[in-house]
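Structure first, commentary second.
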Amino acid sequence: MSERRTIVQALSTLLTNGYVKGFVTGNIYTGPLKHVCVPTLNCYSCPGALCACPVGAVQVVLAGGGGFDPTAPHTIWTKLSGILSGAPVFVIGFLTLIAAFVGRASCGWLCPFGWFQDLVHRIPVPFTKRGGGPRLLHYLKYLILVGMVVLMPLFVVDSFGFSEPYFCKLVCPAGTLEGGLLLPILQPDLRGMLGKLFAWKVSLLVLLIGLMTAFRRPFCNWLCPLGAWFGPFNRVSLYRLEFDENKCVQCGLCVKSCPSGLDPVRECDSADCVRCLDCGRVCPKQAIAVRGPGLASAATPHPNDAVPPAATGNVH
Amino acid sequence: MRPMADRSIFRELRRGAVRDYAWLAAAGTGAVLLALGIALGEPAKIFEKATAICLQCIGIG
């Protein structure tokens, strides 16, 4: 893990959660910055959060019913017209704009929960650390994006036509970590309201932390709906990774460095790549490079231009 | 009729061009949607929700 990226991740976490007063009083920030989203998963109920979470924002706009008339008959047509007038175009536009330029880079460089996973993965454990986990699980995040972030807030509604942010409610471990654990500590009144749902969310967070020690970024790889949206843009974004097979000496250093557990030689434009650029940094031959305007060559080159002695095994 | 090799080169070029300029289409679409969202007052909806503690988000409700 590069020091430069760690510093950027730490700064981003501090900036997006820079409302220090909230951590003292337990009251969340209510200023004008909450009109906009950050390009990362950061719960807006975190006492320090300065901006809104895009995944939460998409759900509340959809769940709010938009232009849906609750008094009209619940037909597919009335629902569809409601969707069109109440679609979260601002958030989708913002996320698409970011992804068009840098793909999934905000996951690798800015996301506080991504950083948390990187840090937990560094904890030494008595068993062998693994990569990104079973391939099938990587598709789960697309199901979550479509099912829990879009369809459930739209179609699982109460009698008034309103719904809930189901991903936040049932899954989001960032919300549990940043808001669910902190707010009841800071606001004693909330403690009496904790029940089965809280127990479920804390259990899920604990399970994920356990998995983070063994696997690389299990939440990003398997569950994150934001990563599911950004991921496909990796292939076409303005700045993207390119692999030069003529330079590759198959040392395997890129595979060892990848925080998503990918093989950058074969999957350098994978939707699971978080664009951390660690593979390009450790590559002794600069075979993996960022391509884009203003960039003549690769990511930061390795200080030694020779293959390190430890990297003689052929892993491909 | 072009020979097979020519056609595959053209196909590759077309694929490369699509890949090289797809970001522009995505960025344009993103910018339009962003502006549309602002015009429709979506940030106000987000503000309204994001300035109250989301009980579901923290595991209550």
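So for the range A:30-43 (the condition being modelled with pLDDT under 95 and either touching a Lys or Arg at 6+ places or on another chain (Cβ under 8 Å) or more than 13 Å from chain B (Cβ to nearest Cβ) (or both)), does at least one residue qualify?
The answer is no; no qualifying residue exists.
Of all the residues that make up the range A:205-243, how many are within 21 Å of residue A:97 (Cβ to Cβ) and touching a strand residue (DSSP E or B) at 6+ places or on another chain (Cβ under 7 Å)?
4
Output the residues belonging to the range A:50-63 that are farther than 20 Å from residue A:220 by Cα and at pLDDT 95 or above. So that I can check it myself, show each step before the final result.
Filtering the range A:50-63 for residues farther than 20 Å from residue A:220 by Cα gives A:50-51, A:60-63.
Listed by number, the residues that qualify are A:50, A:51.
Go through (1) free of Cβ contacts under 8 Å to residues at least 60 places away in the same chain; (2) touching a His at 6+ places or on another chain (Cβ under 9 Å); (3) not acidic (Asp, Glu) and name the single condition residue A:157 misses.
With respect to (1) free of Cβ contacts under 8 Å to residues at least 60 places away in the same chain; (2) touching a His at 6+ places or on another chain (Cβ under 9 Å); (3) not acidic (Asp, Glu), residue A:157 is out only on (1).
Please indicate, with yes or no, whether at least one residue in the range A:273-286 is buried (at least 18 other Cβ atoms within 10 Å of the Cβ), under 19 Å from residue B:20 (Cβ atoms), in contact with a strand residue (DSSP E or B) (Cβ under 9 Å, 6 or more places away or on another chain) and of a type in the set (D, E, K, R).
Yes, there is a match, as at least one residue in the range A:273-286 is buried (at least 18 other Cβ atoms within 10 Å of the Cβ), under 19 Å from residue B:20 (Cβ atoms), in contact with a strand residue (DSSP E or B) (Cβ under 9 Å, 6 or more places away or on another chain) and of a type in the set (D, E, K, R).
Can we say residue A:248 is surrounded by fewer than 20 Cβ atoms within 10 Å (Cβ to Cβ) and outside any helix (DSSP H, G or I)? Don't jump to the end; show me each part of the working.
On the way: surrounded by fewer than 20 Cβ atoms within 10 Å (Cβ to Cβ): yes; outside any helix (DSSP H, G or I): yes.
Yes, satisfied.
In the range A:156-182, which residue that is touching a helix residue (DSSP H, G or I) at 6+ places or on another chain (Cβ under 6 Å) and of a type in the set (Phe, Trp, Tyr) is surrounded by the most Cβ atoms within 10 Å (Cβ to Cβ)?
Residue satisfying both the conditions and the ranking: A:167.
Hey, can you tell me all the residues within the range A:109-136 that are touching a Pro at 6+ places or on another chain (Cβ under 8 Å), assigned to a helix (DSSP H, G or I) and closer than 13 Å to residue A:261 by Cβ?
Listed by number, the residues that qualify are A:117, A:118, A:121.
The values are calculated or read from the model by the stated rules, or taken from the named source; none is laboratory data. Model, not experiment: these values are computed from the prediction. No Cβ is skipped: glycine too gets one built from the backbone with ideal geometry, and neighbour counts run over all protein chains shown.
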